[in-house]
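Asker: Okay, handing you the structure first.
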2 protein chains.
Amino acid sequence: MTRERRVITGFSNPTVKALRALREKKHRKAAGKFLAEGLRLLTDARECGHVPETLVLADRRDPHPLLSALEEAVKASGGEVIETSADILSKITGKDNPQAVAGVFGEFDTSLAALDRGGADIWLVAQALRDPGNLGTMLRTGDAIGAGGLILIDDCADPFSVEAVRASMGAVFTQRIAQARWDEFEPWLRGGPGQLVAASLRDAQPYRGAPYAAPCFVLVGNESRGLPDAYEMACDLRVTMPMKGRADSLNAAVAAAVLGYEVLAELDS
Amino acid sequence: MTRERRVITGFSNPTVKALRALREKKHRKAAGKFLAEGLRLLTDARECGHVPETLVLADRRDPHPLLSALEEAVKASGGEVIETSADILSKITGKDNPQAVAGVFGEFDTSLAALDRGGADIWLVAQALRDPGNLGTMLRTGDAIGAGGLILIDDCADPFSVEAVRASMGAVFTQRIAQARWDEFEPWLRGGPGQLVAASLRDAQPYRGAPYAAPCFVLVGNESRGLPDAYEMACDLRVTMPMKGRADSLNAAVAAAVLGYEVLAELDS
């Protein structure tokens, strides 16, 4: 017989506090866990083999077969199912209109060594990206273009933050994620096949129809400073998108997407 | 002789309260004004002919010729210059690390009638877009692809919110912005030349190399619901981007950018 649900009714319950603490990076790192919310996202996770260690359900939710499937999967893998109020769930996720369900997952291995570069033709690479929404959006775009994953260089936002997970729309579970310093990434990249392409403004050729080659690593830089000069110069190819107006740059996640879709089209043609 | 700066030192000063209130939509609409921050953004605005009615400077800022030029422009046009502490400026803009300068602008005319559709080959159109960051990012992308502006259909986020203005990186001053209901937009569109193109998932042709024609109106829908069926069917062209992964949609601002850059490339070729 499967375990019952644990019912929590108090805001000051230690489990609620521990779950809520996962919104902060230091507590995520200490626990090695992160939060994800929403039935669709948790179902994507389950179908990709990621079952939450803890599942938190709002007590007044509509029944749904996918919710039952999720609960069964959690119980089958020895996890815990908690039932609580919508107000407490809202406090945990920090969202005014919370989803009816949230899950706690163990963080993934984000070492470069765990990446199989031959597993995909395109990889997205972000350097010092600070906005978790941009990071989640890059994961989502990576899923769409069939990228293998997202490599985070230097000090980036945390891909396991609630904001990044939310913006990824589930792609945090389908894309591989690696984190490395530049001086770890560059030797790793040069230790095998791989073309490093920067979205750049200078000494660059038009992005349209450039000679992309798989596996192609598409690199975008920090939101306000762009890429360090040395990193740009270490690229095999620097390409630029038309800038017809006053601005001299695109949003980082937009630049990655426009370039990523171009690489996809060229590699497929 | 030009007017002196007004110095404000108190958090409870009525002017501080009035400026801070501009972070809320109802107060912006009541006042017909909005806030923008940062020397670069305010300089872009000035160079496009938009001088703030009120300029707010932090008292401990570094001198800068562009800041002096801004202050002179405000004084020359009869505006007011206020000097205050970084803490109070932070309270006004709601940002922990505020820029050294913020400005108050009168909201623009956002009627469809004020748009000159022949003035550009591409226009971006968003329907029920709820995230002000996405909206600002679309303005920024519009500037980059040489679009004429952004048309907001039905209930969208406010383009004059601090978040949208910030994400636009100044494009709120270079792009035209119109707001309309669908039943106003459609007759207006059909009252002149214009191809309406939707990013769509069904009954759609590949976005790459589709027969785009200027002036091309690129339509994206709400972040979670997409476009209403009737709106999609009213389009002249429905195109779809490859979706290689589990997800069935892109971030709205990303979809607009990938499609917008494709339209730009096809129209230029």
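Asker: Can you work out ³J(HN,Hα) from phi for every residue in segment B:91-97, in order, using Karplus 6.51 cos²θ - 1.76 cosθ + 1.60 and θ = phi - 60°, giving whole Hz and x for Gly and Pro?
Answerer: 5, 5, 8, x, 10, 5, 10
Asker: Give me the dipole magnitude in Debye, nearest 20, for segment B:6-106 about the Cα centre, with unit charges on the beta carbon: positive for Lys and Arg, negative for Asp and Glu. Could the numbers behind the result be given before it?
Answerer: On the way: 16 positive and 13 negative charges, 116 e Å.
In total the dipole reaches around 560 debye.
Asker: Considering Cα pairs under 8 angstrom that are at least six residues apart, work out the relative contact order of chain B and quote it in whole percent.
Answerer: 18
Asker: Something else now. Computed FRET efficiency, Cβ-Cβ of A:Asp229 and A:Glu4, R0 56 Å: what is it to the nearest 0.05?
Answerer: 0.40
Asker: Right, something else. Going by Cα centres, segment A:79-134 and segment B:131-171 are how many Å apart?
Answerer: Spelled out, the Cα-based centre of one part sits 27 Å from the other.
Asker: Hey, any idea what Rg/Rh is for segment A:112-268, computing Rh the Kirkwood way over Cα pairs? Write out the running numbers ahead of the final one.
Answerer: Details: Rg = 14.1 Å, Rh = 15.2 Å.
Using only Cα positions, Rg/Rh for segment A:112-268 is 0.92.
Asker: Within a 10 angstrom radius of the beta carbon, how do B:Trp188, A:Trp182 rank from fewest other beta carbons to most?
Answerer: Listed from fewest to most nearby Cβ atoms, that is A:Trp182, B:Trp188.
Asker: How large is the convex hull of the C-alpha atoms of segment A:166-249 per residue, in Å³? Let's see the in-between values first.
Answerer: Numbers: hull volume 12.4 nm³, N = 84.
With only Cα atoms used, segment A:166-249 gives 148 Å³ per residue.
Asker: Roughly how crowded by other chains is peptide A:130-141, in terms of the mean Cβ count from those chains within 10 Å of each of its Cβ atoms?
Answerer: Working: counts 0, 2, 0, 6, 3, 0, 1, 7, 2, 1, 6, 7.
Counting other chains' Cβ atoms within 10 Å and averaging over A:130-141 gives 3.
Asker: Based on the alpha carbons, how large is the Rg to Rh ratio for segment B:200-247 when Rh follows Kirkwood? List each step's numbers first, then the result.
Answerer: Numbers: Rg = 11.4 Å, Rh = 11.9 Å.
Radius of gyration over Kirkwood radius for segment B:200-247 works out to 0.96.
Asker: How many times 2.2 N^0.38 Å is the alpha carbon radius of gyration of chain B? Numbers along the way, then the final one.
Answerer: Numbers: Rg = 20.3 Å, N = 269, 2.2 N^0.38 = 18.4 Å.
Dividing the Cα radius of gyration by 2.2 N^0.38 Å gives 1.10.
Asker: Thinking of segment A:6-106 as a set of Cα atoms, what percent of all their pairs are more than 23 Å apart?
Answerer: Working: 870 of 5050 pairs.
Pairs farther apart than 23 Å: 17 percent.
Asker: Could you go through segment B:42-52 in sequence order and give the Karplus-derived ³J(HN,Hα) for each residue, using 6.51 cos²θ - 1.76 cosθ + 1.60 with θ = phi - 60°, rounded to whole Hz, and x for Gly and Pro?
Answerer: Karplus-based 3J(HN,Hα) across segment B:42-52 equals 5, 5, 3, 4, 4, 5, 9, x, 10, 9, x Hz.
Asker: Another question, if that's okay. Could you list the GluC sites (Glu not before Pro) in segment A:1-107 that lie in coil according to DSSP, counting only those with at most 11 other Cβ atoms within 10 Å of their Cβ?
Answerer: Sites meeting the loop and neighbour criteria: A:Glu4.
Asker: A follow-up question, please. Using θ = phi - 60° and the Karplus form 6.51 cos²θ - 1.76 cosθ + 1.60, what ³J(HN,Hα) does each residue of segment B:139-154 get, whole Hz, x for Gly and Pro?
Answerer: The phi angles translate into 4, 4, 5, x, 4, 5, 8, x, 5, x, x, 10, 9, 9, 9, 6 Hz.
Asker: Here is a follow-up. If one takes the longest principal axis of the Cα atoms in chain B, at what angle in degrees, from 0 to 90 and to the nearest 10, does the Cα axis of helix B:252-268 lie?
Answerer: With rounding to tens, the tilt is 70 degrees.
Asker: Angle between the Cα long axis of helix A:65-76 and the longest principal axis of chain A, 0 to 90 degrees, nearest 10?
Answerer: In chain A, helix A:65-76 runs at an angle near 80 degrees to the longest axis.
Asker: Can you give the net charge of the other residues whose Cβ lies under 13 Å from the Cβ of A:Trp188, counting K and R as +1 and D and E as -1? Don't skip to the end; give the middle numbers.
Answerer: On the way: positive: A:Arg117, A:Arg181, A:Arg190; negative: A:Asp116, A:Asp183, A:Glu184, A:Glu186.
So the surrounding residues net to -1.
Asker: Given charges of +1 on the Cβ of Lys and Arg and -1 on the Cβ of Asp and Glu, with all other atoms neutral, how large is the dipole of chain A about its Cα centre, in debye to the nearest 20?
Answerer: Charge dipole, chain A, about its Cα centre: 720 debye, nearest 20.
Asker: Report the trypsin sites (Lys or Arg not before Pro) located in segment A:1-89 that are in a DSSP loop and have at most 14 other Cβ atoms inside 10 Å of their Cβ, or state none.
Answerer: A:Arg3, A:Arg60
Asker: Using a label point 7 angstrom from Cα along Cα-to-C-beta, what distances in nm, from shortest up, separate B:Asp183 from the other copies?
Answerer: Those separations, rounded to one decimal, come out as 6.6 nm.
Asker: Under a straight-distance cross-link criterion of Cα-Cα below 28 Å, which lysines are reachable from B:Lys91, leaving out those fewer than 8 residues away in the same chain?
Answerer: Cross-link targets: A:Lys25, A:Lys26, A:Lys91, A:Lys95, B:Lys17, B:Lys25, B:Lys26, B:Lys29, B:Lys33, B:Lys75.
Values quoted throughout were computed directly from the atomic coordinates according to the rules given, and no laboratory measurement underlies them. Everything numeric here is computed off the predicted structure, so don't read it as measured data. Heads up, the Cβs are rebuilt from the backbone with ideal geometry, glycines too, and the neighbour counts pull from every protein chain shown.
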